[in-house]
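First comes the structure, then the notes that go with it.
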Amino acid sequence: MDAAGVALIDISIGTPESGANFCERSGFPADNLFCNPDRSLYMGLNFKKGWMSTLFRWGSLQNYDKSMTMQSKFDLALQQGGVLVVDSRKTLAYFHSEQGPGDVAPIQDVISACCSH
């Protein structure tokens, strides 16, 4: 990704303290992590949140246990996220909004969006 001039940025619903802990444990660069504990960006992008999108989707229950162990607050486990790729012109090149747990962006689509600009 570095060779392609692509930076991976993570926008977390956690607090700055939990973000620092995440970076320390994972080795993720702290300069690339932005904490958004009030979820204003998630709401602005209309990312799904709630019981219906979290539990009542095929495969959700098996993934729900995993998400609960990673979240410090129950409410945060109900928040879905997504993947955005913004090119060097600051144009949205790719957008994927998770419909529920386990609904991840196809990695080949993300890589293609990153490398095509």
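Bear in mind that the values in this text are calculations on the coordinates, not laboratory data. Keep in mind that what you see is a predicted model, and the values were worked out from it rather than measured.
The value of relative contact order for the range 1-50, using C-alpha pairs under 8 Å at least six residues apart, is 39 percent. Taking each residue as 0.36 nm, the span from ILE11 to LEU92 lengthens on full extension beyond its C-alpha to C-alpha distance by 27.6 nm.
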